[in-house]
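Take a look at the structure below.
Quick note: the coordinates plus some simple rules give every number you see, no bench work behind them. Predicted model only: the values in this text are computed from it and were never measured. Here Cβ is always computed from backbone atoms with ideal geometry, including for glycine, and neighbour counts include all displayed protein chains.
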Amino acid sequence: ATQPAPTGGTPPASETLLLGEVSSLTGSQASFGVSTQRGVEMAIKEANAAGGVKGKKIAVRVYDNQSKPEEAAQAATRLVTQDKVLAIIGDVASSNSLAMADKAQAAQVPMVSPASTNPAVTQKGDYIFRVCFIDPFQGFVMAKFARENLKLDRVAILQDNKSAYSIGLAEVFAQKFAEMGGKVLATESFAQGDTDFRAQLTAIKKTKPQGIYVPGYYNDVGLIARQARELGLTVPMMGGDGWDSDKLFELAGNALDGSYFSNHYSPQNPDPRVQKFIADYKAAYGNTPDALAALGYDAARVVIAAMEKSKDLTGPSIREAIAQTKDFPGVAGTITLDENRNAVKSAAILKVGDGKAEFVTTVNP
Ligand code: PHE
């Protein structure tokens, strides 16, 4: 595919500083995009109320990728070639971010993913950043929790073969769990959007696991959990950040009670900075922010702070400033970007019960 020209090289001409955002506002992962967008919007409102950047107001052009990588790539191209945005925020699902990254990199427009955890995303180039941890850490966290806290010896894995995130996370979990002396009995797979998981769950049940690792997205996981329980598979499930959505509990009912997942943030964090964010967000949108809202807010604030520090608001100068992000006070943890443009942060483990997730513990890198 042809790549966009390096539009990031020119300083902005307009009075308003325009950012771009690509989000899954509709489609199978819609709750990811809706939450992220609210977080981004809140950060921009706050920055504008405090005077904007270099005396100019900030605006954001948001494109919906319908939860599809092809749409994400097109939206990123539109942002850099037509809208000539100064930086891009997005996306959540790693497969979408992977599709966008080549466009941003070629255009020399910095891209900051709020929540994509697959390592390959930032390996796309030096203009690609993220404000979250990566899956080699996330997979380790749950493998360790499964071995040491849940005392599991034998587990099965059910992964989404259409998601770079799911494949990568399953692989790390399996490797770490085995290194810690556990045994992975079976790895089954599905494709995002499937509705019948009974064949895979039946195969898993035959191996008699003590737990099942399901690193998928909430919409699939909700159905998987229900069908597992219907088949008499009652052992706890474990997952990653992809479970994070209020929709998970609507879809799963009580089927995930007693299950665990790793995440970026817990609204139960007593830190006053986090509690202020939650109160402001609730006042604006009526619900408690999830991890995506928190990470969208953090990603936008990192970009805005870098714009302020940048020499001339060109892509290269904003890129340079983002790369220097250190001890940045995010609401989903303090952000320091390493030489690979990834944030080094702790993870939270949450337990599902009674239609909600409760904070269990924090695991540091
Ligand atoms: N980490 C997931 C991915 O890379 C996206 C995600 C982040 C989903 C946080 C939910 C919460 O695809």
*Going through the range 106-115 one residue at a time, which ones are farther than 19 Å from GLN82 by Cα, more than 9 Å from the ligand (Cβ to nearest atom) and touching a Ser or Thr at 6+ places or on another chain (Cβ under 8 Å)?*
none
*Hey, among the residues in the range 89-105 that are within 16 Å of the ligand (Cβ to nearest atom) and farther than 23 Å from ALA347 by Cβ, which one's surrounded by the most Cβ atoms within 10 Å (Cβ to Cβ)?*
MET100
*Write out, first by first residue and then by second, each pair whose Cβ atoms fall under 7 Å of each other, whose residues are 6+ apart or on separate chains, and whose first residue, in the range 193-204, is without any contact (Cβ under 8 Å) to a residue 24 or more places away in the chain while the second is of a type in the set (Gly, Ala, Ser).*
ALA203/ALA186
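Looking only at residues that are among the aliphatic types (A, V, I, L, M) and assigned to a strand (DSSP E or B) in the range 48-87, which one is surrounded by the fewest Cβ atoms within 10 Å (Cβ to Cβ)? Talk me through it step by step, then tell me what you get.
Taking the range 48-87 first, the residues among the aliphatic types (A, V, I, L, M) are 49-50, 53, 58-60, 62, 72-73, 75-76, 79-80, 85-87.
Restricting the remaining residues to those that are assigned to a strand (DSSP E or B) gives 53, 58-60, 62.
Numbers: VAL53: 21, ILE58: 20, ALA59: 14, VAL60: 19, VAL62: 19.
Across the range 48-87, the extreme among qualifying residues is ALA59.
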*List, please: which pairs have Cβ atoms under 8 Å, are six or more places apart or on different chains, and start with a residue in the range 66-89 that is under 15 Å from ALA106 (Cα atoms) and touching a residue at least 24 places away in the same chain (Cβ under 8 Å) and end with one that is of a type in the set (Ser, Thr, Tyr) and not in a strand (DSSP E or B)?*
VAL80/THR7; THR81/THR7; LYS84/THR7; LYS84/THR10
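Out of contact with any strand residue (DSSP E or B) (no Cβ under 7 Å at 6 or more places or on another chain), away from the ligand (no atom under 16 Å from the Cβ) and not acidic (Asp, Glu): which single residue out of GLN200, GLN227, GLN210 fits that description?
Result: GLN227 is the single residue among GLN200, GLN227, GLN210 that is out of contact with any strand residue (DSSP E or B) (no Cβ under 7 Å at 6 or more places or on another chain), away from the ligand (no atom under 16 Å from the Cβ) and not acidic (Asp, Glu).
Residue under question is SER14, and the condition is that it be of a type outside the set (D, E, K, R) and within 16 Å of the ligand (Cβ to nearest atom); does it hold?
Against the criterion (of a type outside the set (D, E, K, R) and within 16 Å of the ligand (Cβ to nearest atom)), SER14 does not qualify.
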*Which members of the range 133-163 meet the condition of being within 13 Å of the ligand (Cβ to nearest atom) and in contact with a Leu (Cβ under 6 Å, 6 or more places away or on another chain)?*
ASP135, GLY139
*Could you list all residues from the range 116-128 that are within 14 Å of the ligand (Cβ to nearest atom) and either in contact with an Asp or Glu (Cβ under 7 Å, 6 or more places away or on another chain) or under 14 Å from THR325 (Cα atoms) (or both)?*
SER116, THR117, ASN118, PRO119, LYS124, ILE128
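Can you name every residue in the range 282-301 that is in a helix (DSSP H, G or I), away from the ligand (no atom under 16 Å from the Cβ) and not basic (Lys, Arg)?
ALA283, ALA284, TYR285
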*ALA43 vs. criteria within 16 Å of the ligand (Cβ to nearest atom), assigned to a helix (DSSP H, G or I) and not hydroxyl-bearing (Ser, Thr, Tyr)*: no
*Tell me, which helices (runs of 4 or more DSSP H) lie completely within the range 121-232 with 1 or more residues that are surrounded by fewer than 17 Cβ atoms within 10 Å (Cβ to Cβ) and more than 24 Å from the chain's Cα centre (by Cα)?*
164-179, 198-206, 218-230
*Residue in the range 257-281 that is surrounded by the most Cβ atoms within 10 Å (Cβ to Cβ), counting only those that are of a type in the set (Asp, Glu) and part of a loop (DSSP other than H, G, I, E, B)*: ASP257
